[in-house]
């Protein structure tokens, strides 16, 4: 599903060049649960941004379902982000004074769907992450951290993406709550066949994946 060959990412400020990724190559098969693990500053979040079409490599090739994404237009890349990729972030990024159901419906706003269809998709996504129905009309600022992250996962699923990209999804959670969130990812992978790429700096979090890609100083080690 994902094939990256010799990815290089440099950031240039004046005469200073920072080499963030140095000829990184790896593949992710359809239905895999892969963790990209490394310390802060290793380049792992840059990898996620490239996979999610939020950033472009300086050089190298990124094939998504055998398509070279660098050859796609901005609109085509935006369509892939909207339809094929679900994002889960450490900071949750939910609207605080908006209900759980409305937060999950948000990515569907610009699709040609009725309100009823958007609600049905949001409800299916919430059920798939085991979020209790009696809290669907609660405001997101009335939820615990673990509940908020499960809503964020449901929002990532609402477009039925083929890939879920999760950047430090347990970083703001206590250990017990983090385990519940990780169990949700495992269920989505094992029972629904979702392809998941999880970014983390913690070994115990990475151990939940089928395979770990270790990154240090911009290299896969």
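Taking the numbered list (1) in contact with a helix residue (DSSP H, G or I) (Cβ under 8 Å, 6 or more places away or on another chain); (2) without any contact (Cβ under 8 Å) to a residue 60 or more places away in the chain in turn, residue 165 passes all entries but (2).
Looking at 1, 37, which one is more than 13 Å from the chain's Cα centre (by Cα), buried (at least 18 other Cβ atoms within 10 Å of the Cβ) and modelled with pLDDT of 90 or more? Walk me through how you get there before you give the answer.
On the way: 1 fails: buried (at least 18 other Cβ atoms within 10 Å of the Cβ).
Residue meeting the stated conditions: 37.
Scanning the stretch 162-221 for residues that are buried (at least 16 other Cβ atoms within 10 Å of the Cβ) and on the phi > 0 side of the Ramachandran plot, we see that the one that is nearest to the chain's Cα centre (by Cα) is 168. Against the criterion of being assigned to a strand (DSSP E or B) and without any contact (Cβ under 8 Å) to a residue 24 or more places away in the chain, residue 17 qualifies. Only a single criterion out of (1) under 15 Å from residue 185 (Cβ atoms); (2) free of Cβ contacts under 8 Å to residues at least 60 places away in the same chain; (3) in contact with a strand residue (DSSP E or B) (Cβ under 7 Å, 6 or more places away or on another chain) is not satisfied by residue 130, namely (3). I'd like to verify a number: residues in the stretch 136-156 that are touching a strand residue (DSSP E or B) at 6+ places or on another chain (Cβ under 6 Å) and crowded, with 22+ Cβ neighbours inside 10 Å, how many? Residues that pass the stated criteria total 3.
The values are calculated or read from the model by the stated rules, or taken from the named source; none is laboratory data. Because the structure is predicted, anything quoted here is derived from the model rather than measured. Here the Cβ is made from the backbone with ideal geometry for all residues, glycine too, and neighbour counts use every protein chain on show.
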